[in-house]
Amino acid sequence: MEKQLKLLEEAIKYHFKNQQYLVRALTHSSYSNENKKEKPKNNERLEFLGDSVLGLVISEYLFSHYHQLEEGQLTKIRAKIVCEASLGEASKVLKLGEYMLFGRGEELTGGRERMSILADAFEALIAAIYLDGGMECVKTVVLGQLGSVIEAAVQGKLFVDYKTRLQEIIQVQKGNRIKYEIIKEEGPDHAKVFHTEVRLNDEIIGVGSGSSKKESEQAAAKEGLKRFEG
């Protein structure tokens, strides 16, 4: 475990003075529940703190660097950055799922790939850095990990590939098949709306619509992900 933690510290370019903060940030509640004799603390309280710390860092950065943006624009951009999709992707880049401690049940049901868990772990990690090193250390790590996400959000180019994420999740169990099907097209040629359903094996798990086939498939995949990510 110690070797893995050092690899993570190298990835975020921050070394903990008290590694217990880092261990706690990587401890899922399922691990705590299955190891009650050890009484390990899970990352839920850190997640709570990290959400606020992260929001402050992003808010201050946007406020200081994008003077042309109004309050409403700043709020929308921050919401795109500090959201499950963006934070989950940031966690995947850091491979946080590989470092986390899970209970057996959560491990078997794909917890290491679940975006909601990964996003929570990222927030917990931010809180751990804040408690260990203070706000300036947090800013360095956050901007280092989310710099490209911030820029993409400001430019309106932030894209979440829900289809790829859904595919990654359903592949955990061998034999699963996923299929997208256009079930309806409506409207004139210059303003068509496509409706797509996504099936897992033979079961419909999501329906979505959009102005193109690709957009409607992404919308269907986003709906389908709710079953797995809550």
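Observations on the structure shown:
- Within segment 32-86, the residues that satisfy the criterion of being among the hydrophobic types (A, V, I, L, M, F, W, C) and closer than 20 Å to G133 by Cβ are L46, F48, L49, V53, L54, L56, V57, I58.
- Residue within segment 181-189 that is free of Cβ contacts under 8 Å to residues at least 60 places away in the same chain, touching a helix residue (DSSP H, G or I) at 6+ places or on another chain (Cβ under 8 Å) and over 25 Å from I12 (Cβ atoms) present: yes
- Identity of the residue in segment 8-55, among the acidic types (D, E), touching a helix residue (DSSP H, G or I) at 6+ places or on another chain (Cβ under 9 Å) and at pLDDT 95 or above, that ends up nearest to G103 (Cα to Cα): E44
- Some residue of segment 63-73 being crowded, with 19+ Cβ neighbours inside 10 Å and at negative phi: no
- Positions within segment 141-153 being within 26 Å of H15 (Cα to Cα), surrounded by 16 or more Cβ atoms within 10 Å (Cβ to Cβ) and more than 13 Å from the chain's Cα centre (by Cα), in sequence order: V141, V142, I150
- Counted residues, segment 159-190 - those being surrounded by 15 or more Cβ atoms within 10 Å (Cβ to Cβ) and of a type in the set (F, W, Y): 2
- Among the conditions (1) under 21 Å from G110 (Cβ atoms); (2) at pLDDT below 90; (3) surrounded by 13 or more Cβ atoms within 10 Å (Cβ to Cβ), the only one that E215 does not satisfy is (1).
- Of the numbered criteria (1) on the phi < 0 side of the Ramachandran plot; (2) at pLDDT 95 or above, the one E89 fails is (2).
- Just one of the listed residues (G97, G156) is crowded, with 19+ Cβ neighbours inside 10 Å, out of contact with any strand residue (DSSP E or B) (no Cβ under 9 Å at 6 or more places or on another chain) and without any contact (Cβ under 8 Å) to a residue 60 or more places away in the chain, namely G97.
- Candidates E168, E123, E113, E186: the one that is at pLDDT below 95, acidic (D, E) and in the same structural domain as F63 (by TED's automatic domain parsing) is E113.
- Some residue of segment 134-152 being within 18 Å of C83 (Cβ to Cβ), in the same structural domain as H67 (by TED's automatic domain parsing), in contact (Cβ under 8 Å) with a residue 60 or more places away in the chain and of a type outside the set (A, V, I, L, M, F, W, C): yes
- Selection within segment 108-136 - surrounded by fewer than 16 Cβ atoms within 10 Å (Cβ to Cβ) and not hydroxyl-bearing (S, T, Y): L108, G134, M135, E136
The values are calculated or read from the model by the stated rules, or taken from the named source; none is laboratory data. Because the structure is a prediction, the values reported are computed rather than measured. Every residue, glycine among them, receives a Cβ derived from its backbone with ideal geometry; neighbour counts consider all protein chains shown.
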